[in-house]
Amino acid sequence: MDLVVMAAGMGSRFGGLKQVAPIDEDNNFILDYSIYDAVKAGFDRVIFIIKKENYEYFKQTIGERLKNVVKIEFVFQDINNIPKNVKIPANRVKPWGTAHAIYSCKDVVQDKFAVINADDFYGYESFKIVADFLKNSNNNEFVSAGYYAKNTLSNKGSVKRGVFSLDGDIAKSLQECEIELRNGELMATILDQDNWHKIDENTLVSMQMFGFNRKLIDEIIKEYEIFFSQPESKLEKSEFLLPDVVNNMIKSNDIILKVIPTPSKWFGITYKEDLDDFKQAIINMKKSNKYPQHLYVKEKL
């Protein structure tokens with residue numbers, strides 16, 4: 001099974017290329033820990049989606065560390081990878097979004113695959129949930145590790161999360177929201193709607209950790225044409241987002257998205273100040289033997 005890692009984001013709130021911020025004494029990235037867990041859970045190939053200009057750096061760092069651990073591929077998310085008749089707005093700088101990232105690997109990814117962000121720490125339990133589901137899933141079934149909202153917060157500011165509406169363990173919708181802690185209460189609003197309301201701390205949210213098959217690729221190819229048919233003024237800031245594609249497939253009954261709760265606590269680097277917190281978390285997890293002191297000393301997991 002493939003693990004697709006989205007690593008082409010610009011990290012504007014962090015203020016740099018946060019995917020490759022060293023987080024331990026061996027200069028490992030968050031990615032190294034995700035891949036350690038993913039291989040342990042049963043994934044046997046990793047596809048990195050990156051910017052072309054970052055290829056040599058990724059190849060010489062994490063590529064070198066992983067070459068004897070797991071098969072790896074690099075694909076490039078390119079702002080120019082759009083329909084020929086579309087004009088890129090002059091002020092458009094960042095990539096077109098997470099669904100466009102997956103579009104970039106449409107010719108590489110195999111039948112069943114998982115998707116994660118490069119700058120999020122998911123925990124082994126979450127990879128095991130997704131891997132085990134994919135091994136026995138059919139073409140109409142997707143899966144997401146569902147994180148308890150209380151386990152996904154940054155004390156440095158608001159975070160963006162996909163909030164599930166559920167019928168049992170089946171998702172009825174997935175809406176991109178902004179979430180923050182205010183006076184001990186969790187508050188959320190759908191992006192760009194400024195309609196803040198209280199949510200339960202155990203609400204299940206998406207950290208963009210999904211298990212898919214090629215049916216997702218087919219849908220992204222179809223919606224790709226629709227997205228880029230927008231007026232140029234809309235394309236200046238619009239993003240072609242993976243959760244939106246998944247939500248459309250849920251709403252049209254094309255697929256069933258099963259949401260399986262994970263006990264894992266999320267860690268990430270949304271803000272620069274998160275980095276020190278995450279470094280300490282890794283130290284604590286090593287002390288409790290969740291990870292070896294040095295991930296790749298023996299060149300295998």
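Given LYS51/LYS94; LYS71/LYS94; LYS112/LYS237; LYS84/LYS251, which pairs have Cα atoms separated by over 22 Å? If you can, show how the numbers build up before the last one.
On the way: LYS51/LYS94 11 Å; LYS71/LYS94 29 Å; LYS112/LYS237 31 Å; LYS84/LYS251 30 Å.
From LYS51/LYS94; LYS71/LYS94; LYS112/LYS237; LYS84/LYS251, over 22 Å: LYS71/LYS94; LYS112/LYS237; LYS84/LYS251.
Classify the range 123-162: rounded, prolate or oblate, from the alpha-carbon gyration tensor (a ≥ b ≥ c, eigenvalue square roots; a/c under 1.5 rounded; otherwise prolate if a/b is larger than b/c)?
Numbers: a/c = 4.58, a/b = 2.29, b/c = 2.00.
Prolate shape, in that a/c is at least 1.5 and a/b is the bigger ratio.
Do me a favour and compute the ellipsoid semi-axes for the range 116-230 from its Cα gyration tensor, root of five times each eigenvalue, largest one first, whole Å.
On the way: eigenvalues 134, 76, 35 Å².
The answer is 26, 19, 13 Å, longest axis first.
For the range 2-287, what's the relative contact order in percent, using C-alpha pairs closer than 8 Å and at least 6 residues apart? Spell out each step's value before the answer.
Numbers: 537 pairs, mean separation 72.9, N = 286.
It comes to 25 percent, rounded to a whole number.
Give the aspartates and glutamates whose C-alpha is closer than 20 Å to that of LYS286, dropping any in the same chain fewer than 8 places away, or say none.
Qualifying aspartates and glutamates at Cα under 20 Å: ASP24, GLU25, ASP26, ASP32, ASP37, ASP119, ASP120, GLU125, ASP274, ASP276, ASP277, GLU299.
Find the Rg to Rh ratio for the range 27-139, where Rh is the Kirkwood radius over alpha-carbon pairs and Rg uses the same atoms. Mind showing how you got there, number by number?
Values: Rg = 15.6 Å, Rh = 15.6 Å.
That ratio equals 1.00.
Using only DSSP helix segments of four residues or longer, with each worth -39500 (n - 2.57), what per-residue ellipticity at 222 nm results for the chain after dividing by its residue count and rounding to 500?
Details: 8 runs with 77 residues, N = 301.
The helix contribution divided over the chain gives -7500 deg cm²/dmol.
Mind computing the radius of gyration and Dmax over the alpha-carbon atoms of the chain? Å is fine for both.
Expressed in Å, the Cα Rg and Dmax of the chain come to 18.5, 56.
Throughout, read-outs are computed from the coordinates displayed, never taken from laboratory work. Note that the structure is predicted; figures quoted are calculated from it, not measured.
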